[in-house]
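Structure first, commentary second.
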Amino acid sequence: MTPEEWRQGMENEAASVQDSRWAIETRLAANRFGWRQALSAAVVFALLGAAQELLLSLVFRAQGDSLPDQLWPGVLGVAFALGFGLGRWRFGPLEAGAGALAFLPGAWLFVVGLQAFSNGPLGAPNSPAFDNNDVFALAVLAALGAGLTQTWAQRRQAAAR
């Protein structure tokens, strides 16, 4: 049984009972936060943060080049696209947004690991290539992408009926 089928079954049960308190509790249980999905999204975004720092270390910092101005808007675009993809895999907007908050720890862990193990030509960075509070924009965009995907899917299903 998929999470969506379980949620629909809970909604059907809530609609069929006469006890209003039971119906409210059943609807609340159907819409609870999906921890497994949030953890999966967190792994994806933490890997994105680490991959960004790896790319920056290999391409720009090793050559002594300055970071491109379009770096952060590009990361925001990738976060939206990942949120959109997570929504296609039936991740909720809240789970995708919460998972996006793992981008910062993923990037910082890579930077710290690079500082600890780098004694070669990579030259360890002092910090990730973004401000720490910018990560909230990633969470909003990831949630927006997942929410748009689910809205479009629901509209398509309604039109097909």
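Out of curiosity, is V44 modelled with pLDDT of 80 or more, among the β-branched types (V, I, T) and either open to solvent by 70 Å² or more (accessible area, probe 1.4 Å) or more than 13 Å from the chain's Cα centre (by Cα) (or both)? Considered against the rule, which asks whether it is modelled with pLDDT of 80 or more, among the β-branched types (V, I, T) and either open to solvent by 70 Å² or more (accessible area, probe 1.4 Å) or more than 13 Å from the chain's Cα centre (by Cα) (or both), V44 comes out as no. Taking every residue in the stretch 140-157 that is touching a residue at least 40 places away in the same chain (Cβ under 8 Å) and assigned to a helix (DSSP H, G or I) and pairing it with any residue that is open to solvent by less than 60 Å² (accessible area, probe 1.4 Å) and acidic (D, E), at least 6 positions away or on another chain, the pairs with Cβ-Cβ distances below 9 Å are A143/E95; A146/E95. Does G113 count as modelled with pLDDT under 90 and either in a helix (DSSP H, G or I) or open to solvent by less than 60 Å² (accessible area, probe 1.4 Å) (or both)? Yes, satisfied. Note on the stretch 69-84: residues that are open to solvent by less than 20 Å² (accessible area, probe 1.4 Å) and modelled with pLDDT of 90 or more total 2.
The values are calculated or read from the model by the stated rules, or taken from the named source; none is laboratory data. Source: prediction; values computed, not measured. Reconstructed Cβ throughout: ideal geometry from the backbone, glycine too, with neighbour counts over all protein chains shown. Ligands, DNA and RNA are stripped out before the accessible areas are found, and what is left, the full protein with its side chains, is counted by its heavy atoms. Shrake-Rupley method; radii C 1.70, N 1.55, O 1.52, S 1.80 Å.
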